[in-house]
Structures are given as structure tokens and as C-alpha cells.
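The values are calculated or read from the model by the stated rules, or taken from the named source; none is laboratory data. Being a predicted model, the structure only gives us computed values, none of them experimental. Note that each Cβ is placed from the backbone with ideal geometry, even for glycine, and that neighbours are counted across all protein chains shown. What goes into the accessible areas is simple: the full protein's heavy atoms, side chains included, and nothing from ligands, DNA or RNA. Shrake-Rupley method; radii C 1.70, N 1.55, O 1.52, S 1.80 Å.
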Amino acid sequence: MKMQAEVIREGELEKRSDSLFQLWKKKLVVLTKDSLSLFPDGYIYFTIVTKDRKEIDFRCPDQSCWNASITMALIDFQNKRAIQDFKSRQEMEQAAGTQERRLARAP
């Protein structure tokens, strides 16, 4: 059984390609005492649209789960807002019904 080497540092680096355009590409890199390992560009891209319809683009390593966390937070926020709106509508309807009953009793 081969033991894994202790990781000295890991993170994102940019590597320049040897192609004609020599583009820089982000890579996940793991440095150990014995090696420097580069992993393919495993990133997730996602866009959030704000209330004022501006788009914000994000990119994160696919194993970071940022997109899932943000999605769950947005769903939670929207659910809370929907419940709040529903309760507000109910209160307004109850207040309107009370007002109608008062008007019906007036001489």
C-alpha cells in the first residue's frame, strides 16, 4: 500500500500553454515533497442575476460546492419571502373583512 505524501501546499495557479497564443489557464496544483501535481481545469461557472437585472459571473473549483451553497441560500431566501408575503396578504384580507363588517353594522 502506497502512502500519500504530505501536502505542503495546494491551490490555484495559472499555467501558460505552449500553444501559438500562449494562453494562461488556471489549474489546481498540489505540492508535496516528492511532486508538483497539476489537475485539469475543473471549474464550475455560474451566473447570478440581481434584482436590477445585472449579471454577476462566478467561477469556482467544482469540489468547492459554492454554487450549491449559493443556490440553497437563494431558495431559502425566496421561501422566507414567499411566506412573509403570504402572511402580509392574509393580514390585509383580515383587516379588510373587519372593515366591511363595521360598515355593514353602521346605521
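Structure notes:
- With Cα atoms, 0 to 90° folded angle of helix 66-105 axis to the chain main axis: 0
- Cβ-placed point charges (K, R +1; D, E -1), dipole of segment 4-44 about Cα centre in debye, nearest 20: 120
- Heavy-atom accessible area order for 53, 89, 81, 9, largest first, 1.4 Å probe: 53, 9, 89, 81
- Ranking 21, 58, 46 from most to least accessible surface, computed with a 1.4 Å probe over the protein chains only, gives 21, 58, 46.
- Cα extents for the chain along the principal axes, largest to smallest and rounded to whole angstrom: 94, 42, 18.
- Working from Cα pairs under 8 Å separated by at least six residues, relative contact order for the chain is 14 percent.
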